[in-house]
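The values are calculated or read from the model by the stated rules, or taken from the named source; none is laboratory data. As the structure is a prediction and not an experimental result, all values here were calculated from the model. With ideal geometry, Cβ positions are generated from the backbone for all residues, glycine too; neighbour counts draw on all protein chains shown.
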Amino acid sequence: LNYVNWDGVPYLLTKGTNLIQGTGGTNYQQALLVFELDITNETVTLVQSSDFAYSFSSNMFLAEDSNGFPNILVTGTEFDTDTTGGDFMKLYTMSGDTSLYVETPVDLGAMDGFPIGDLNGNGWSDFVVNSNDEYSFATLNPADTTLTIEGVLGGPGGEDVGLSFDIRFTNQGDLNDDGFDDLQYYGTNSTSFGQLRIEGVASGGTVDYANPTEHLFDRADYRITGIEGTYTFGDISGNGLDDYGLIVSDGLTGRMDIYEGGSDGTTPTGTIELDGFVQFVTSGDFNTDGREDILMLIQIDAGTDEEPMTSNELHFYELGAEDPYHVIKSEDYQPGLDNYNNFIGTIANAGDINNDGLDDILVSGASQGVTPIGVYFGGSSISLNPDDEISFPEDDGTQYGWGIGGVLQGEFDLNGDG
């Protein structure tokens, strides 16, 4: 995670784990780490380390506040000790100098949860919390940072009701073009399943969290058995609003249904039939048509029945086209290695790196150790091979392990050069 303070100084945020040996064994102390970047001198300095839990693992999220700086929500399950144990939610708020965080986070309660958009209009992120095995809508009081559980989120009704959320994309923004953040999630029951949407309101209004708008599929529809992911895009359709897509599958084949921003979510504006299992989707203006395109990382069956093999490929789509206008295979990204051992692991929209007005792309083989990050420049004819590479130093004693990690992130101007 990252942010830039009022003085234009960029900071990076991450988690750290200290292994502490005790009489009962090894404890894992989780800590929030804040690094300051000095672009001129090319240095990265640790400026804050704050312990928040004894836990084997934890999640960290950005949460909005009305001052324009990100709060940090940390969640997880704490080890049992004399005074602690069980689920936790803790919130780091910005301290008075507007650069670092308070040393001790606010304890929001013994529960699990994650931040969403500002649905109640008070300028701060709201939350979905899992309390007593039920998902509930919760709000934060900016005056004293106390959390209030408003009530249980609505589902599709009927029997065997279940709700699920994609926590990678919890702040989905304004999905219906009314000026307020919304929340979209999945719901199922014994006869149907699909998307549910809770709409945000102006400050002082009441969020109707118990009665979401429903866009459901009948389980008897042979074509559909599950919605595997929801992705928010830029303006693909050209109506000036951000769009979103749902990946729908019957277990054997799948498609992506694309919906225009501002629509009611009933009828897609386009559909892409998928050639394989989708790993990740993003969007950007990668070619010269003046509109955003869809970029998918797809796992393709590349072997035979006797020698099964898979490979990850990048597929570029324009809205309305049945086939991708460009495909980059794993061996294109790193020539000389076979499909099976050279997966493209992660991709990201990097923003406009080369200042030509088009978005560029970062590609990595995250499971291949120090495999370089590939940089592809947007253009009327995108190259098969990387236009540039970001390499790791060899034999410097650093254990890179899984390359650059799970998810690439781009689109930020850290040094202020535009």
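For ILE300, the conditions (1) within 22 Å of ASN385 (Cα to Cα); (2) free of Cβ contacts under 8 Å to residues at least 12 places away in the same chain all hold with the exception of (2).
The residues of region 120-135 that are closer than 17 Å to GLY200 by Cβ and either surrounded by fewer than 19 Cβ atoms within 10 Å (Cβ to Cβ) or not assigned by TED's automatic domain parsing to the domain that holds HIS215 (or both), listed by number, are GLY121, ASN122, GLY123.
Filtered by the rule that a residue be surrounded by fewer than 13 Cβ atoms within 10 Å (Cβ to Cβ) and under 21 Å from SER330 (Cβ atoms), region 265-302 gives a lone residue, ASP301.
Quick check on PHE343: is it surrounded by 13 or more Cβ atoms within 10 Å (Cβ to Cβ) and either among the acidic types (Asp, Glu) or modelled with pLDDT of 80 or more (or both)? No, not satisfied. Out of GLY357, GLY378, GLY403, GLY374, one residue alone is at pLDDT 85 or above, in a loop (DSSP other than H, G, I, E, B) and surrounded by 14 or more Cβ atoms within 10 Å (Cβ to Cβ). It is GLY378. For region 123-157, the set of residues classified as modelled with pLDDT under 90 and among the aliphatic types (A, V, I, L, M) consists of ALA143 only.
In region 153-174 there is at least one residue that is aliphatic (A, V, I, L, M) and under 17 Å from the mean Cα position of the chain (by Cα).
May I ask you to list the residues in region 34-55 that are assigned to a strand (DSSP E or B) and either in contact with a His (Cβ under 9 Å, 6 or more places away or on another chain) or of a type in the set (S, T, N, Q) (or both)? Passing the criteria: THR43, THR45, GLN48, SER49, SER50. Has region 277-294 got at least one residue that is assigned by TED's automatic domain parsing to the domain that holds ILE347, assigned to a strand (DSSP E or B), at pLDDT 90 or above and under 30 Å from GLY187 (Cβ atoms)? The answer is yes; a qualifying residue exists. Considering region 302-320 alone, what residues qualify as being farther than 22 Å from VAL375 by Cα and under 26 Å from the mean Cα position of the chain (by Cα)? Selection gives THR310, LEU319, GLY320. Answer with yes or no whether GLY194 is out of contact with any Pro (no Cβ under 8 Å at 6 or more places or on another chain) and of a type outside the set (A, V, I, L, M). No: the conditions fail for GLY194. Evaluated against (1) at pLDDT below 90; (2) surrounded by 12 or more Cβ atoms within 10 Å (Cβ to Cβ), ASP97 falls short on exactly one condition, (2).
Which members of region 65-88 meet the condition of being at pLDDT below 85 and not hydroxyl-bearing (Ser, Thr, Tyr)? Hits for region 65-88 are ASP65, ASN67, GLY68, PHE69, PRO70, GLU78, PHE79, ASP80, ASP82, GLY85, GLY86. Every test in (1) among the hydroxyl-bearing types (Ser, Thr, Tyr); (2) at pLDDT below 90; (3) over 24 Å from GLU260 (Cβ atoms) is passed by TYR186 save one, and that test is (3).
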